[in-house]
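Engineer: I have a structure here, written as structure tokens, and I will follow up with some questions on it.
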Amino acid sequence: MLIKTTAMVALLLTSGTLFAASSVSPTTATFEQLAQQQAHHTPLQIIDCRDSNFYNGWPEPQQQHGGHIAGAVNIDASWLKTLDTSAFQALLHDKHLKSTLPTYLYCATDKAQQLTTALQAQGYHSITTIDQSLNHYHGKLNALPNFQQLVPASWLYALINNKHPRYAPTHGYKVVEVEWGPPAKYLLDHIPGSLYVNTNTIESEPWWNKVSNAALAKVIANLGIRYDTTVILYARNNMSAARFANFLMYAGVKDVRLLNGGWTAWDNADYPTENLPNYNKKPVPFGKPIPANPQYIIDTAQVKSLLRMPADKQSVVSIRTWPEYIGKTSGYDYIKPKGRIEGAKWGHAGSDSYHMQDFLNPDQTMKSGNEIAAQWAKWNIKPHQDVTFFCGTGWRASEAFFFAHVLGWKNISVYDGGWYQWSANKNNPIADGTITPANVH
């Protein structure tokens, strides 16, 4: 059936059968017909309504390749159960979608039905579905360069149950929960087999920077981690897991992965949990000197060196809220100075120092890599540059660092001291006030 170009069209590229919305007569199409519309440069928009892990690059069951159709934005229909009308409208706005354009969506039949209904309520009146599996799509699917480092809960579940999933570790693995303080929540519930790391053992006062290399080596050894051990990290809020990920990559662990969505993803999937603590019984030698990758963590002197470079060659990126960036608040009750490192670019963050909404989907998984790269590009933060991320003390910066790693960015680091250490020295140049990307220098 041919697509009617004079009407507002929405295509649902489904991996199952056609869903017919009760309020409209559905139209079906094929991938070939979609390609014809694209070849004719018909204005359109595409929504991938599958799990974000499939969008990122993980293959769906019975499919050889993962990723998404070029230009597609990701709205997992499962998010609808947590969004009210205003939040859904905000999501559509953030994705730059318009009800007046032909809209193309792809996901399984039940998800297609849910999103179709929600879109109709927002004025998307004509819905067309592609009644084919994505295996029938003959174009190239776009995937994040390092999508394997951001693992789905389903993958981890298969791994710990000896199902040998795709991209499984080759030299053994450890699952580690990372939190601040004693393991209170861990002892109530955690992923089976997971170890525990208290961030107080990997950070030191007064600035909450990384502990000494010797102390870090001891923590790693006690966890039974060698340089060739695959380490899968998660947290109740993945910032702390990303913090340890940065330290492990600095130390030289070759395969560090983050559970996409953290504990929330595991809990949402209703996978089994346990409450008895796990311990590694025997420390192991790391197998190479620490640090093997010192470039992943830099200090104040190195930040100053970066700032002396042209703005199109480097980015010192503030992963802090806008009020923190412009100097309205420090973001922390224990940090008094307000403002930003002079010359720092704004890299987005969230609502406060404990959230990263600008980088996360409603289910706490990583937002589309295209969207993250786009919000950075507005501030001239680009993958070819020498990029360092900082926040107050390193947690938010570490999550941004890991996402950049998943995006395939090479010359990236975390400024360990962050705003806390920089602002403590009155000789370090600071700035405040509203600024536009074009005026960063």
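Engineer: Mind jotting down the distance between the C-alpha centroids of region 27-73 and region 363-388, whole Å?
Structural biologist: Using only Cα atoms to place each centre, the spacing works out to 22 Å.
Engineer: Charges only on Cβ, +1 for Lys and Arg, -1 for Asp and Glu: so what's the dipole of region 204-288 about the Cα centre, in debye to the nearest 20? Before the final figure, lay out each step's value.
Structural biologist: Details: 10 positive and 6 negative charges, 86 e Å.
For region 204-288, the charge dipole is close to 420 debye.
Engineer: Where is the GNM fluctuation largest for the chain (alpha-carbon springs, 10 angstrom cutoff): Gln385, Gln33, Gln132?
Structural biologist: The residue with the greatest mean-square fluctuation here is Gln33.
Engineer: Name every cysteine in the chain that ends up alone, with no second cysteine's Cβ under 4.7 Å, or say none.
Structural biologist: If one checks each Cβ against the other cysteines of the chain, Cys391 turn up with nothing under 4.7 Å.
Engineer: While we're on this one: Is the C-alpha gyration tensor of region 221-334 telling us rounded, prolate or oblate? Criteria: a/c under 1.5 is rounded; beyond that, a/b larger than b/c is prolate, otherwise oblate.
Structural biologist: Verdict is oblate for region 221-334.
Engineer: Still on this structure: Using θ = phi - 60° and the Karplus curve 6.51 cos²θ - 1.76 cosθ + 1.60, what whole-Hz ³J(HN,Hα) does each residue of region 386-395 get, with Gly and Pro shown as x?
Structural biologist: 8, 10, 10, 10, 9, 9, x, 9, x, 6
Engineer: Another question, if that's okay. Heavy atoms only, 1.4 Å probe, whole protein assembly: order Trp155, Trp180 by accessible area, highest first.
Structural biologist: Working: Trp155 15, Trp180 170 Å².
Ranked list, largest accessible area first: Trp180, Trp155.
Engineer: Using the Cα centre of region 235-374 as the reference point, and only Cβ charges (+1 on K/R, -1 on D/E), how large is the resulting charge dipole? Debye, rounded to the nearest 20.
Structural biologist: On the way: 17 positive and 13 negative charges, 136 e Å.
My answer is approximately 660 debye.
Engineer: Need one word for region 278-325: rounded, prolate or oblate. Basis is the Cα gyration tensor (sqrt eigenvalues a ≥ b ≥ c); a/c below 1.5 gives rounded, then a/b vs b/c decides. Present the calculation step by step, with values, prior to reporting the outcome.
Structural biologist: Values: a/c = 4.36, a/b = 1.90, b/c = 2.29.
The shape class here is oblate.
Engineer: Counting alpha carbon pairs within less than 8 Å and at least 6 residues apart, what relative contact order, in whole percent, applies to region 215-368?
Structural biologist: Values: 205 pairs, mean separation 33.3, N = 154.
After rounding, I find 22 percent.
Engineer: With a cap of 13 neighbouring Cβ atoms within 10 Å, and only residues DSSP puts in a loop, list the trypsin sites (Lys or Arg not before Pro) found in region 226-289.
Structural biologist: On the way: sites: Arg226, Arg236, Arg243, Lys254, Arg257, Lys281; in loops: Arg226, Arg236, Lys254, Lys281.
Listed in order of number, the matching sites are Lys281.
Engineer: Next question. Say the cut-off is 20 Å between C-alpha atoms; which of Lys218/Lys254; Lys254/Lys410; Lys218/Lys281; Lys210/Lys345; Lys338/Lys367 go over it?
Structural biologist: Flagged as over cut-off: Lys210/Lys345; Lys338/Lys367.
Engineer: Ok, one more. I'd like the carbon and sulfur percentage of the solvent accessible area for region 77-152, probe radius 1.4 Å, heavy atoms only, ligands and nucleic acids excluded. Walk me through the numbers on the way to the answer.
Structural biologist: Values: 1840 of 3600 Å².
Carbon and sulfur together cover 51 percent of it.
Engineer: If you plug each phi of region 376-381 into the Karplus form 6.51 cos²θ - 1.76 cosθ + 1.60 with θ = phi - 60°, what whole-Hz ³J(HN,Hα) values come out, in order, with x for Gly and Pro?
Structural biologist: Using θ = phi - 60°, the values come out as 6, 4, 4, 9, 6, 10 Hz.
Engineer: Non-local amide H neighbours of Ala29 (under 5 Å, H modeled in plane, Pro and chain starts lacking H): which ones?
Structural biologist: Those lying under 5 Å, H to H, from Ala29 are Thr129, Ile130, Asp131.
Engineer: Whole number in Å², please: accessible area per residue of region 256-302, 1.4 Å probe, ligands, DNA and RNA not counted. Working shown, then result.
Structural biologist: Working: 2710 Å² over 47 residues.
Per residue, region 256-302 has 58 Å² of solvent-accessible surface.
Engineer: Which of the aspartates and glutamates could be linked to Lys313 by a straight reach, that is with a Cα gap under 17 Å, when you skip same-chain ones fewer than 8 residues away?
Structural biologist: Qualifying aspartates and glutamates at Cα under 17 Å: Glu342, Asp386.
Engineer: Under 10 Å, Cα contacts only: if you run a Gaussian network model on the chain, which one of Phe54, Phe31, Phe389 comes out with the highest mean-square fluctuation?
Structural biologist: Looking only at Phe54, Phe31, Phe389, the largest GNM fluctuation is found for Phe31.
Engineer: For region 335-431, rounded, prolate or oblate, judged on the Cα gyration tensor with a ≥ b ≥ c (square roots of eigenvalues), a/c < 1.5 rounded, else prolate if a/b > b/c? Walk me through the intermediate numbers first.
Structural biologist: Working: a/c = 2.02, a/b = 1.48, b/c = 1.37.
Because a/c hits 1.5 or more and a/b exceeds b/c, region 335-431 counts as prolate.
Engineer: Within the set of other residues whose C-beta is less than 15 Å from the C-beta of Phe31, count the net charge using Lys and Arg as +1 and Asp and Glu as -1.
Structural biologist: -2
Engineer: Ok, one more. Placing +1 on the Cβ of each Lys and Arg and -1 on the Cβ of each Asp and Glu in region 278-376, which of Pro291, Thr321, Ala311 has its Cα farthest towards the positive end of the resulting dipole?
Structural biologist: Going by the charge dipole, the pick is Pro291.
Engineer: Can you compute the charge dipole magnitude of the chain about its Cα centre, using +1 on each Lys and Arg Cβ and -1 on each Asp and Glu Cβ, nothing else charged? Give it in debye, rounded to the nearest 20. Present the calculation step by step, with values, prior to reporting the outcome.
Structural biologist: Details: 36 positive and 32 negative charges, 213 e Å.
That gives a dipole near 1020 debye.
Engineer: As a test of the formula, what do you get for the chain when each DSSP H run with n ≥ 4 contributes -39,500 (n - 2.57) and the sum is divided by the residue count, at 222 nm and rounded to the nearest 500 deg cm²/dmol? Mind showing how you got there, number by number?
Structural biologist: Working: 14 runs with 120 residues, N = 441.
After summing the helix terms and dividing by residue count, I get -7500 deg cm²/dmol.
Engineer: Okay, next question. If Ser52, Ser154 are ordered by their accessible area, calculated over protein heavy atoms with a 1.4 Å probe, which sequence runs from highest to lowest?
Structural biologist: Details: Ser52 0, Ser154 65 Å².
My answer, sorted largest first, is Ser154, Ser52.
Engineer: Right, another one. From the cross-link list Lys140/Lys288; Lys304/Lys382; Lys185/Lys282; Lys288/Lys382; Lys111/Lys185, which pairs have alpha carbons spaced over 30 Å apart? List each step's numbers first, then the result.
Structural biologist: On the way: Lys140/Lys288 39 Å; Lys304/Lys382 19 Å; Lys185/Lys282 25 Å; Lys288/Lys382 32 Å; Lys111/Lys185 33 Å.
In this structure, Lys140/Lys288; Lys288/Lys382; Lys111/Lys185 lie more than 30 Å apart at Cα.
Engineer: Under 16 Å Cα to Cα from Lys98, which aspartates and glutamates show up? Leave out anything in the same chain fewer than 8 places away.
Structural biologist: The qualifying aspartates and glutamates are Asp48.
Engineer: Now for a separate question. Amide H to amide H under 5 Å from Leu195: which residues, 5+ apart in sequence or cross-chain, H placed 1.01 Å off N in plane?
Structural biologist: Under 5 Å from the amide H of Leu195 lie the amide H atoms of Val175, Val176, Glu177, each far enough along the sequence or on another chain.
Engineer: Taking only Cα atoms and a 10 Å spring cutoff, compute GNM fluctuations for the chain and point out the largest among Asn427, Asn280, Asn370.
Structural biologist: With Cα springs under 10 Å in the chain, the top fluctuation among Asn427, Asn280, Asn370 is at Asn427.
Engineer: Please find the FRET efficiency linking Glu205 to Gln89, where r is the Cβ-Cβ separation and R0 is fixed at 45 Å, and quote it to the nearest 0.05. All intermediate terms of the calculation are to be shown ahead of the outcome.
Structural biologist: Details: r = 45 Å, r/R0 = 0.99.
It comes out at approximately 0.50.
Engineer: How many nm is it between the label spots at Asp189 and Asn439, if each spot is 7 Å from the Cα in line with the beta carbon?
Structural biologist: My value for the distance between the label points is 4.8 nm.
The values are calculated or read from the model by the stated rules, or taken from the named source; none is laboratory data. Owing to the predicted nature of the structure, the values given are computational and were not obtained by experimental measurement. Neighbour counts are summed over all protein chains in view; Cβ atoms, including those assigned to glycine, are modelled from backbone coordinates with ideal geometry. Only protein heavy atoms, including side chains, enter the accessible area calculation; ligands, DNA and RNA are left aside. Shrake-Rupley method; radii C 1.70, N 1.55, O 1.52, S 1.80 Å.
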